[in-house]
Amino acid sequence: MGLLIDQRNMIARRAAREILPGMTVNLGIGIPEMVADFLPSEWNVMFHSVNGILGVGPFPVQGEENAHLSNAGGTPVTLHSGASFFDSSVAYGMVRSGRVDVAFLGALQVSQRGDLANWIVPGKRVYGIGGGPELARYAKKVIVLMSHLNEMNEPKILRECELPLSAKSCVDMIITERAVIEVTKQGLCLTEVMYPYSLEEVVTKTGAPLIISEYLQMVD
Amino acid sequence: MVSKLISIEEAVDQVRDGIRLMVGGFGGIGTPVSLIDMILQKGIQDLTLIGNDAGFADQGVGKLISHERVKRLLTTHIGSNPDAGRQMMEGKLEVLFYPQGILAEKIRAGGVGLPAILVEPDVGIGPSQQEQLVRYAGKNYVIEPALTADVGIVYAKQADTYGNLIYEKAARNINPLVAMAGKITIAEVEEILPAGELNPEHIVTPGIFVNYIVRTSGGMGEWGF
């Protein structure tokens, strides 16, 4: 299901609440790119981009884009104070050595154990493995930002991923336009239901059992 | 000192049918577009292409794929070029995917004379692609061979005539790695100065890695946004 811009913004705004001042955060392609717009710059969050930037700033105003300054998704960006440039091997060195606090990734499917599929729909569309496996393996916390349903209106959160995996047991949290779900050892735990959806509309459109948190919030 | 500056046409004489060609750039940014245009114009084919991504349909490095000049592609992401996915599914293009950081590190290893790198299993390399497992310090690793190329082509903001290179912003990406991994490296550059004019503290790629420099005919960033 294609999301409206308001829904994408809502997911990004909710995702930003998982970030604390001073963190180093990687933003993947798609909705994750929008997260930086929802944080106060004085928090000094350093956004990491695998094409070789630490300190990605907000999107530039139209007409002030720089042809040589984009994030890993190819979208023009600006720089935060303290930013640096480096090559892609150093960018992944930061990831592999455990210096990235949170990675926000897009996904095609996520399983109840936190398996991630985000690189190929066999016979239909090949995206490529990209940086997902390494970010998923080495970032301290991995949060998937995606639509709750696919283009056929089928659940993307499943008992088992049907699509080839990018990484196993790596996702800690899933944020969609319908819900916030934590991946726990006991299974998927539903913590928030987003307006205007009902609890039932989340449960029936999720393809894996959900533990309903005792602190479940219905978010306006 | 002999200048490494030559014409784009002369430089592309190094690129022959069937070679392993490594290309700098990431999502279109920092791609040596003038060299790619000349390779296309000269009718070079059957290339093994090594690069971060497949570019865009008929743009940048994507032109070589859209025009079916590539038989084998070692890369990490092709989602922005539907021609690559289509040729892959039709069996016209062999694609080997590597996780992005592993690909970058394989290229770096090739450039600095290391035979291979060790990577953790289960970080996105399919079992069929895993060449050899090794046990080191109590853990299992996959031996990932280093990557080199017959010719590497890169984009830089500034060069001196010795071939020292300085990049610009995110146009650096994998360019400094590719610059080291080619038996022959050609740099496409915006601004070329006499040797001695660049501050040695600012040089990212030392000229020892660069065989030829050519002046870009422009066109960077035309599709970035």
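The numbers here are math on the coordinates, done by the rules we state, and not lab data. The shown structure was predicted, so the numbers you read here are calculated from the model rather than taken from an experiment. All Cβ positions, glycine included, derive from the backbone under ideal geometry; neighbour counts span all protein chains shown.
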TODO: Take the Cα atoms of the stretch A:164-220, find their three principal axes, and give me the spread along each one in whole Å, biggest first.
DONE: 33, 23, 17
Task: trypsin sites (Lys or Arg not before Pro) within the stretch B:63-123, DSSP loop, no more than 14 other Cβ atoms inside 10 Å - done: B:Lys92
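Can you tell me the relative contact order of the stretch A:84-220? Whole percent, Cα pairs under 8 Å, sequence separation 6 or more. Can you show the working numbers first?
Values: 295 pairs, mean separation 32.8, N = 137.
RCO, the stretch A:84-220: 24 percent.
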Open item on the list: Considering just Cα atoms, how many Å³ per residue does the convex hull of the stretch A:122-220 enclose?
Closed with: 114
- [ ] Can you tell me the dipole magnitude for chain B around its Cα centre, using point charges on the Cβ only (Lys, Arg +1; Asp, Glu -1), in Debye to the nearest 20?
- [x] 440
- [ ] Ratio to report: Rg/Rh of chain B, with Cα atoms as the point set and Rh obtained by the Kirkwood method; give two decimals.
- [x] 0.98
Task: Coarse-grained scattering of the stretch B:154-225 at q = 0.16, 0.24 Å⁻¹, given as base-10 log I(q)/I(0) from a Debye sum over alpha-carbon atoms - done: -0.49, -1.07
Open item on the list: Report the gain in length on full extension from B:Gln41 to B:Ala57: 0.36 nm times residue separation, minus Cα-Cα distance, nm rounded to one decimal.
Closed with: 4.1 nm
Task: Computed lengthening from B:Glu201 to B:Lys139, 0.36 nm per intervening residue step minus Cα-Cα distance - done: 18.4 nm
Open item on the list: Can you compute the radius of gyration and Dmax for the stretch A:5-219, using only the Cα atoms, both in Å?
Closed with: 16.9, 50
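What pairs in B:Lys71/B:Lys183; B:Lys92/B:Lys139; A:Lys140/B:Lys139 have C-alpha atoms more than 30 Å from each other?
Exceeds cut-off: B:Lys92/B:Lys139.
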Open item on the list: So the label point goes 7 Å from the Cα of A:Arg159 along Cα→C-beta, right? Which residues of the stretch A:100-126 then have their backbone N under 12 Å from it?
Closed with: A:112
- [ ] Between the alpha-carbon centers of the stretch A:23-41 and the stretch A:143-220, tell me the distance in whole angstrom.
- [x] 20
- [ ] With a bin width of 10 angstrom, please list the P(r) values of the protein assembly as shown as percents of all Cα-Cα pairs, from the 0 bin to the one holding the largest distance.
- [x] 5, 21, 30, 25, 13, 4, 1, 0
- [ ] Assuming R0 = 45 Å, can you tell me the calculated FRET efficiency for the pair B:Glu90 and A:Glu42, based on Cβ-Cβ distance, to the nearest 0.05?
- [x] 0.30
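Within a 10 angstrom radius of each residue's Cβ in A:131-139, how many Cβ atoms of other chains show up on average? Whole number is fine. Walk me through the numbers on the way to the answer.
On the way: counts 9, 5, 10, 8, 3, 3, 5, 3, 0.
Mean number of neighbouring Cβ atoms from other chains: 5.
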Open item on the list: Need one value for B:47-55: mean number of C-beta atoms belonging to other chains within 10 Å of its residues' C-beta atoms.
Closed with: 1
- [ ] Take every Cα pair under 8 Å in the stretch B:30-91 that's 6+ residues apart, average their separations, divide by the length, and report that relative contact order as a whole percent.
- [x] 33
Task: 15 Å reach of a label modelled at B:Ser3, 7 Å along Cα-to-Cβ, counting backbone N of the stretch B:136-169 - done: B:159-164
TODO: Go ahead and estimate [θ] at 222 nm for chain B from helices alone: -39,500 (n - 2.57) per DSSP H run with n ≥ 4, summed, over the residue count, rounded to 500.
DONE: -5500 deg cm²/dmol
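Over chain B, what is the mean sequence separation of C-alpha contacts under 8 Å (at least six apart), divided by residue count, expressed as relative contact order in percent?
Working: 542 pairs, mean separation 53.7, N = 225.
About 24 percent, as a whole number.
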